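Colleague: One structure, as structure tokens, below. Some questions next.
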Amino acid sequence: MSKSQSMENHVIAMIYNKTKDKPIFSAEIERRLGISGVIIRDIVHRARTEQNIPICAESKGYFMPRDKVEALRTIKSLKSRAKQNNEAAEGIEKHYTKDDQISLL
């Protein structure tokens, strides 16, 4: 097992036993493992997308949902942020397409 895979397993294990009522802050994971928040977010992203682990997050921290109802808040938040990011990207792109400028894409 590679060092990065071991780190990923540690992060997931730290989140795995946390609940919505007792989540774990990213700062706690950072402190315990000596890694940055960026690395933690990357690990969580890969766990969600490659392994379909339903890691949830709220302002209080990361946790594992007991059921889909608990996961829905995170699902809605992720979809909302994706929509907002797409709208922002389209706004920037429109700046470059007005006045017959060449499109970025």
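Read the figures in this text as sums done on the coordinates, not as results from a lab. Values in this document were obtained by computation on a predicted structure and should not be read as measured data. Glycine gets a Cβ as well: all are built from the backbone with ideal geometry, and neighbour counts include every protein chain shown.
Colleague: Please give the helix 37-50 orientation as an angle from the longest Cα principal axis of the chain, in degrees from 0 to 90, rounded to the nearest 10.
Modeller: 90 degrees
Colleague: Using 0.36 nm per residue, how much length does the chain from PHE25 to ARG41 gain when fully extended, once their Cα-Cα distance is taken away? If you can, show how the numbers build up before the last one.
Modeller: Numbers: separation 16, 0.36 × 16 = 5.76 nm, distance 1.17 nm.
Full extension of this stretch gives 4.6 nm more.
Colleague: Can you compute the charge dipole magnitude of the chain about its Cα centre, using +1 on each Lys and Arg Cβ and -1 on each Asp and Glu Cβ, nothing else charged? Give it in debye, rounded to the nearest 20.
Modeller: On the way: 19 positive and 14 negative charges, 105 e Å.
With Lys and Arg at +1 and Asp and Glu at -1, about 500 debye.
Colleague: Related question: Among the listed pairs LYS3/LYS83; LYS22/LYS79; LYS3/LYS68; LYS3/LYS79; LYS18/LYS79, which have their C-alpha atoms separated by more than 27 angstrom in this model? All intermediate terms of the calculation are to be shown ahead of the outcome.
Modeller: Details: LYS3/LYS83 35 Å; LYS22/LYS79 24 Å; LYS3/LYS68 32 Å; LYS3/LYS79 32 Å; LYS18/LYS79 23 Å.
Pairs exceeding 27 Å: LYS3/LYS83; LYS3/LYS68; LYS3/LYS79.
Colleague: Under a Cβ-Cβ cut-off of 13 Å, what is the net charge of the residues other than GLU90 that fall near it, where Lys and Arg count +1 and Asp and Glu count -1? Numbers along the way, then the final one.
Modeller: Details: positive: LYS83, LYS94, LYS98; negative: GLU87, GLU93.
Neighbourhood net charge equals +1.
Colleague: Also, I was wondering about something else. So how long is each side of the chain along the principal axes, counting just the alpha-carbon atoms, biggest first, in Å?
Modeller: Result for the chain: principal-axis Cα extents of 54, 35, 23 Å.
Colleague: For every other residue with a beta carbon closer than 15 angstrom to the beta carbon of ILE35, add +1 if it is Lys or Arg and -1 if Asp or Glu, then tell me the sum. Write out the running numbers ahead of the final one.
Modeller: On the way: positive: LYS3, ARG31, ARG32, ARG41, ARG46; negative: GLU8, GLU28, GLU30, ASP42.
Spelling it out: positives minus negatives among the neighbours equals +1.
Colleague: Still on this structure, please answer the following. Helix 3-16 sits at what angle to the longest principal axis of the chain, using alpha carbons and giving 0 to 90 degrees rounded to 10?
Modeller: 80 degrees
Colleague: So what is the 222 nm mean residue ellipticity for the chain from helices alone, if each DSSP H run of at least 4 adds -39500 (n - 2.57) and you divide by all residues, rounding to the nearest 500 deg cm²/dmol? Provide the component values of the computation, followed by the final result.
Modeller: Numbers: 4 runs with 66 residues, N = 105.
Helix contribution divided over all residues of the chain: -21000 deg cm²/dmol.
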